[in-house]
Structure formats: structure tokens, C-alpha cells
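S.K.: Structure below; questions to follow.
The values are calculated or read from the model by the stated rules, or taken from the named source; none is laboratory data. The shown structure was predicted, so the numbers you read here are calculated from the model rather than taken from an experiment. Cβ: placed from backbone, ideal geometry, glycine included. Neighbour counts: every protein chain shown. The area values use the complete protein model at the heavy-atom level, side chains included, leaving out ligands, DNA and RNA. Shrake-Rupley method; radii C 1.70, N 1.55, O 1.52, S 1.80 Å.
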Amino acid sequence: MHTPQEEHEHVLQLAGDLRILIGTLRRRLREEAHLGDVSMSQASVLSRLERDGPATASSLARAEGMRPQSMAATVLALSEAQLVTGSPDPADGRQTLLTLTDSCRAWIAASRAAREDWLARTIETRLTPDEVIELNHAVALLKRLAE
């Protein structure tokens, strides 16, 4: 039987291992995404626009925790790469609503498919059927942690 302190230390170790593992997995998935010249902050803005829909540069800056000047540079780079487009905000004509271009949506879908394909192939080749079942249970637990 373990003391509460020993249990807590074990959970702390588990939390550290999990943090490192998730970071490693995220980096590996990023490699599979083939982001090309898109920076991490640009990719984050694209993900936010895909997830939340059209937004102004100022609302993106707040959501991403960036200075408005930094967001302006990010938006300019995305616009020049034809990944986002702007149109007047119907609620405030002085503002511009940014949206993903159709080619950007297709690129995001292809990138997501490449990451999921890599992960599925890796699961199939490195894990036994019983381990896949265990992984399924672990994913359910991770979902609960993320809620």
C-alpha cells in the first residue's frame, strides 16, 4: 500500500511523462502536416479561422494573445500567400472580416488527412490488436482529462 504522498509523487511523474509524450507526438504530427513556409503562429491563426469562422484581426490578436501589430504582420503574410481573404465586416464597415480561401481549406483538409493517415498506419504497424483496444480506452481517459 502506498502513502498519499507516494501516490501524489507517482501522479506527478505520470503527468510529466504524459506532457513530454504529448509534445513529442505533436511535433511528429506537425512534421507529417507538411506546413511548408507557414509559421506556427500562422498555422494557429488558420486553425482558429477554420474552427471559429470569420474574424477580425483584432479579435484574432486577442484570442491568440498577440499584439495587434504582430497579428497584422501574420495576417499580411497569410493574405500574400492567398490563404486568407478579407471582406468588410457587415456589423462595422471599418473592420475587415478574415476568412480562409477555398485553396487554404483544401490544404488544411489534405494536411489533416496526411497526419491521420500517418497516425493510423503507425498504430496498425506498431501495436497489437489488444494494444489498439488499450489505446482506445486511453483516448477515452484523455478526453475526460481535456474536458
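S.K.: Starting from the Cα-Cα distance between Met40 and Gln5, subtract it from 0.36 nm times their residue separation and give me the gain in nm to one decimal.
M.R.: Full-extension gain reported as 8.7 nm.
S.K.: So, how do all the Cα-to-Cα distances of segment 1-60 break down into 10 Å bins, in percent, from 0 on up?
M.R.: 18, 28, 24, 17, 12, 1
S.K.: How many nm is it between the label spots at Ala72 and Arg51, if each spot is 7 Å from the Cα in line with the beta carbon?
M.R.: 2.7
S.K.: Ser79: net charge of surrounding residues, Cβ under 15 Å, Lys/Arg +1, Asp/Glu -1, itself excluded?
M.R.: Numbers: positive: none; negative: Asp37, Glu80, Asp102.
Result for the local shell: -3.
S.K.: Take Ser59 and Arg27, extend 7 Å from each Cα along the Cα→Cβ direction, and tell me the distance between the two endpoints in nm.
M.R.: Computed distance between label sites Ser59 and Arg27 equals 3.6 nm.
S.K.: Carbon and sulfur: what percent of the chain's accessible surface (1.4 Å probe)?
M.R.: Working: 6060 of 10670 Å².
Accessible surface attributable to carbon and sulfur in the chain totals 57 percent.
S.K.: Taking the 0 to 90 degree range and rounding to the nearest ten, how far is the long axis of helix 129-146 tilted relative to the main principal axis of the chain, both from C-alpha atoms?
M.R.: That helix lies at roughly 60 degrees to the long axis.
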